[in-house]
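Every number in this text was worked out from the coordinates using simple rules, so none of it is lab data. All figures in this text were calculated on a predicted structure; none of them were measured in a lab. Quick reminder, even Gly has a Cβ in these numbers, built from the backbone with ideal geometry, and neighbours come from all protein chains shown.
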Amino acid sequence: AQQPPTPPQQWQAQPPYGYGIPPQPFPYAAPGPKRPGPATAAGVLGIVSGSLGIILGFANIAALAILQSATSIFPNLGLLTTINYIQAFGTFITAVALLVSGIMFLKGKGHQILFIGACVQAGLTLMSFIVRLFMPELLGVKQMPSQISPAVNSALAIGPYEIFVLLIGVGLAGFTIYLMFTPAAKQWKQ
């Protein structure tokens, strides 16, 4: 049997129908300026801080409800309740601002809101730690009474959780602020 003649080298075999069309770029996907790494990191940290802050804000509101149920044990709850309300709703509002401004910063907008949100996050985290540190004095108790349940007694003590929250809250805020002041991120906001 004879084989069919081979085409000369300049001929190219046609691919089957539908496979030979090269992909076309989308006309509406115009390339924009490339976002620098520090700007991306600052925006992502804003989103992460905001997401964690929303969860923490809801947890603070729940803790406030538990604290208000202990009015029979601690008569001096007025100042502490006010401070906790400021913390809970301040944390929630700051978290929403961080989340939205982190998303906006990825698009080159919202620099000032992200910066203010990170500063407020650091302040609220420090305020929360200081309140927890001085909670017995704020409650007017020198030593914990023996009739306090172990759950309330352990909630009033500073432990690894509070130190972890302090390090995470201040660390995220500080690193976000640092990244926003890098030359690449400053150029991105303009």
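Here the Karplus curve 6.51 cos²θ - 1.76 cosθ + 1.60, taken at θ = phi - 60°, turns the phi angles of segment 79-85 into couplings of 5, 5, 5, 4, 4, 5, 4 Hz, with x standing for Gly and Pro.
Order of 50-63, 112-125 by packing, highest average Cβ count within 10 Å first? Don't jump to the answer; show the numbers that get you there.
Details: 50-63: 17.4, 112-125: 20.7.
Final packing ranking: 112-125, 50-63.
Computed 3J(HN,Hα) for segment 36-44, one whole-Hz value per residue from the Karplus formula 6.51 cos²θ - 1.76 cosθ + 1.60 where θ = phi - 60°, is x, x, x, 5, 5, 5, 5, x, 5, glycine and proline marked x.
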